[in-house]
Amino acid sequence: MDLIAIEGRVATDRIAARDRTPETELQLATSLSELAAAYLATKTDGSVRNRVAGALEPAQEAVMIRLRWFTAGQVTAQFANKVQDTLRLLEQAAREIGHRELATATIRDACNAYTQVAHDHPNAAGACADSLSKCGVWLCRLDPGAAVMATDEAVRIRAGLFAADPDQSRKYLATLNTLLRTLMVGRQRKQAVAMYRERYTALTTPEMAAQLRAMKIEEIGFTSKTQSALRKLECRTLERAGYLTQQQILYQSAGDLATIEEINWNLALVGLKPLVAGAMPDQPAKPVEIGSSFGALGVLCSAPDAVQQVRAAIIAAYSEAGAELVDINTAYGVDKAHWGTRDPQMNATPELGEDIVLIERRSGSWVAVQSLKWELTPVAKNPLALRLSRQWPVMSVTSTESLAYELCWYEQGAAAQYAALGRPAEPVALDTPLAPLDFGKLADYGADYASETQIRSAFGNATMFAKLTELPASGIRQAAEARPLAGYGDQVLCFRGPAGPKRAGRS
């Protein structure tokens, strides 16, 4: 972008705008907006000099010109969008150089202009409401009180439009959504919801509320996962969703705790109470719901570079055992057919050696580590878990199809706690007896809002238990059936033991 040419055009348009006609002044505003955008672009377009600071003045001047003509009667949807574009440039420039006060004052002026235009020109009220909502989003970072005022006014305008035209229900709901999110900034959820309900009740007539609650779930903007869960439960409207329970979402659909939170949010938007917990299902007979055989480790590491840290520790562990890190393409039998036909075998070898290991981050707290050779191991004897637990707590998950589901907690280089569903493996002589598993600890690091009671109840349904705890629910063989292991990139590590067999094409 040629800054010199744009600056020259601004100078020319400024001279022409001396006659103060709308055409010349608005042309000047257009040139000033282009200049502000060009200055902002110097931060990322490889320019020799960063000229972001110069964007503030032309952006503010362009905003004031367009707002003046907007309130003077230049009211079209296209022009309202241009005002918003210029405000966006101003907000970005002010944020880059720290002029919060200037941005706040200008955006407040814009809010006043939108409110005036919505009152004087009803045909532009919808565009003004959308602009006020956007200004509210910007003001959340600058002045939360002014943000609430802006979104309040947007809701007030949309309420009038909705009362006159029932087809405006989706837009009214979207504006209510922005208001509730704005009220959440800097407040406890309970306080924000109470403030929201006061405003909602004052502006929404019973007829309007009934229409909002009767909206089809496809019209609300639910995620595809939530829509699937509600369809499975034969729930077609938002009001009907309010009669469901959390346990129905968790146990009778593909939903999870995030699904419950999404439904509760939308119920709050239309003045309905959140989903009740519901009765916990009876504890099933054991063993039950134990899927295919697999073994995997969950490493409790929530650092931003957790995968890289765990990867380095795994390489170090195998190197100490004399195993060499090699390219996976040199390993025998990494194609899908090979992995799909072999069953995991119990491995009691205490020393690491030839192996293939897959590392995946499953949640904010857990990193899944899936080994091929040490997939199934005797209780408390997993050598990789023992090695990694010197640095982080580790949970081993061992599932034997239609037989047992076992959990073993390792810390400080030793096994410490244990729990099993079904008929566990044969007894193993242990140096120290294992304590019962602390399910409360799993609740602390599992899915958001999952309680210890829910996790204990789910220990009887391996799939649901993995969903709530976010522990691994499959092993390396299932991952290889999904796609070739070589496709996992640096997440997969291949080791060859010191006495491993030679591969084709290697000496």
Practice prompt. Return the pairs, sorted by first residue and then second, in which the second residue is open to solvent by less than 30 Å² (accessible area, probe 1.4 Å) and among the acidic types (D, E), the first residue lies in segment 292-316 and is outside any loop (DSSP other than H, G, I, E, B), the beta carbons are less than 7 Å apart, and the residues are 6+ apart or on different chains.
Written response: F294/E375; G295/E375
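Can you tell me which residues in segment 219-234 are without any contact (Cβ under 8 Å) to a residue 12 or more places away in the chain and open to solvent by less than 70 Å² (accessible area, probe 1.4 Å)?
Looking only at segment 219-234, we keep the residues that are without any contact (Cβ under 8 Å) to a residue 12 or more places away in the chain, and these are 224, 227, 234.
Residue satisfying the conditions is Q227 alone.
Inspect all residues belonging to segment 337-346 and state whether any of them is closer than 27 Å to T463 by Cα, modelled with pLDDT under 90, touching a Ser or Thr at 6+ places or on another chain (Cβ under 9 Å) and of a type outside the set (D, E, K, R). Even if it seems obvious, please write down each step before you answer.
Going through segment 337-346, the residues closer than 27 Å to T463 by Cα turn out to be 337-346.
Add one more test, that the residue is modelled with pLDDT under 90, and what stays is 337-346.
Now drop any that are not touching a Ser or Thr at 6+ places or on another chain (Cβ under 9 Å), which leaves 343-344, 346.
Filter once more, so that each one left must be of a type outside the set (D, E, K, R): 344, 346.
Yes - at least one qualifying residue is present in segment 337-346.
Please indicate, with yes or no, whether at least one residue in segment 380-395 is in a strand (DSSP E or B), assigned by the TED database to the domain that holds C301 and under 24 Å from I455 (Cβ atoms). Walk me through it before giving the result.
So in segment 380-395, the residues in a strand (DSSP E or B) come out as 394-395.
When the remaining residues are screened for being assigned by the TED database to the domain that holds C301, the result is 394-395.
Restricting the remaining residues to those that are under 24 Å from I455 (Cβ atoms) gives 394-395.
Yes, there is a match, as at least one residue in segment 380-395 is in a strand (DSSP E or B), assigned by the TED database to the domain that holds C301 and under 24 Å from I455 (Cβ atoms).
Okay, residues lined up against (1) in contact (Cβ under 8 Å) with a residue 60 or more places away in the chain; (2) touching a strand residue (DSSP E or B) at 6+ places or on another chain (Cβ under 7 Å); (3) surrounded by fewer than 21 Cβ atoms within 10 Å (Cβ to Cβ):
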{"position": "E452", "(1), (2), (3)": "no, no, yes"}
{"position": "I455", "(1), (2), (3)": "no, no, yes"}
{"position": "F459", "(1), (2), (3)": "no, yes, no"}
{"position": "E481", "(1), (2), (3)": "yes, no, yes"}
{"position": "F495", "(1), (2), (3)": "yes, yes, no"}
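Just a yes or no: is a residue in segment 57-70 at pLDDT below 85, farther than 15 Å from A5 by Cα and of a type in the set (A, V, I, L, M, F, W, C)? Lay out the reasoning, then the answer.
Just the residues of segment 57-70 that are at pLDDT below 85, to begin with: none.
Taking every residue of segment 57-70 in turn, none turns out to be at pLDDT below 85, farther than 15 Å from A5 by Cα and of a type in the set (A, V, I, L, M, F, W, C).
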Discussion item. Being crowded, with 22+ Cβ neighbours inside 10 Å and either of a type in the set (D, E) or farther than 18 Å from L269 by Cβ (or both) is true for just one of A164, A150, A154. Which residue is that?
Written reply: A150
Discussion item. Being of a type in the set (S, T, N, Q), within 14 Å of G298 (Cβ to Cβ) and in contact with a strand residue (DSSP E or B) (Cβ under 8 Å, 6 or more places away or on another chain) narrows it down to one residue among S363, S399; which is it?
Written reply: S399
Discussion item. Quick check on segment 240-257: of everything there that is surrounded by 15 or more Cβ atoms within 10 Å (Cβ to Cβ) and of a type in the set (A, V, I, L, M, F, W, C), which residue is farthest from G221 (Cα to Cα)?
Written reply: L250
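Any residue at all in segment 383-397 that is at pLDDT below 90, crowded, with 16+ Cβ neighbours inside 10 Å and within 27 Å of Q412 (Cα to Cα)?
Here is the first cut: in segment 383-397, the residues at pLDDT below 90 are none.
So far as segment 383-397 goes, no, none of its residues is at pLDDT below 90, crowded, with 16+ Cβ neighbours inside 10 Å and within 27 Å of Q412 (Cα to Cα).
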Item to complete: Could you tell me whether any residue of segment 47-65 is of a type in the set (G, A, S), in the same structural domain as D13 (by the TED database), on the phi > 0 side of the Ramachandran plot and not in a helix (DSSP H, G or I)?
Response: no
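Can you confirm whether I260 is at pLDDT 90 or above, part of a helix (DSSP H, G or I) and surrounded by 14 or more Cβ atoms within 10 Å (Cβ to Cβ)?
Working: at pLDDT 90 or above: yes; part of a helix (DSSP H, G or I): yes; surrounded by 14 or more Cβ atoms within 10 Å (Cβ to Cβ): yes.
When the stated conditions are applied, I260 passes them.
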Worksheet item: Does at least one position in segment 242-252 carry a residue that is in contact with a Lys or Arg (Cβ under 9 Å, 6 or more places away or on another chain) and without any contact (Cβ under 8 Å) to a residue 40 or more places away in the chain?
Response: yes
Practice prompt. For T86, work out the one condition from (1) closer than 30 Å to M149 by Cβ; (2) outside any helix (DSSP H, G or I); (3) among the β-branched types (V, I, T) it doesn't fulfil.
Written response: (2)
Item to complete: Given the conditions (1) part of a helix (DSSP H, G or I); (2) more than 34 Å from the chain's Cα centre (by Cα), report the number of the one that Q74 does not fulfil.
Response: (1)
Worksheet item: How many of the residues in segment 1-43 are more than 15 Å from W69 (Cβ to Cβ), outside any helix (DSSP H, G or I) and open to solvent by 30 Å² or more (accessible area, probe 1.4 Å)?
Response: 3
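Can you pull out every residue in segment 414-434 that is exposed (fewer than 14 other Cβ atoms within 10 Å of the Cβ) and either of a type in the set (S, T, Y) or modelled with pLDDT of 70 or more (or both)?
Taking segment 414-434 as the starting set, the residues that turn out to be exposed (fewer than 14 other Cβ atoms within 10 Å of the Cβ) are 423, 426-429, 431-433.
Listed by number, the residues that qualify are D431, T432, P433.
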Worksheet entry | Tally, over segment 86-125, of residues that are under 20 Å from S33 (Cβ atoms), open to solvent by less than 80 Å² (accessible area, probe 1.4 Å) and touching a Lys or Arg at 6+ places or on another chain (Cβ under 9 Å) | 7
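Filter segment 44-64 for residues that are under 28 Å from D109 (Cα atoms) and open to solvent by 50 Å² or more (accessible area, probe 1.4 Å) and give the result. Give the steps one after another, and end with the answer.
Within segment 44-64, the subset under 28 Å from D109 (Cα atoms) is 51-64.
Passing the criteria: R51, A53, E57, Q60, E61, M64.
The values are calculated or read from the model by the stated rules, or taken from the named source; none is laboratory data. Not measured: the values here are computed from a predicted model. Every residue, glycine as well, gets a Cβ built from its backbone with ideal geometry; the counts of neighbours run over all protein chains shown. Calculation scope for accessible area: heavy atoms of the full protein, side chains included, ligands and nucleic acids excluded. Shrake-Rupley method; radii C 1.70, N 1.55, O 1.52, S 1.80 Å.
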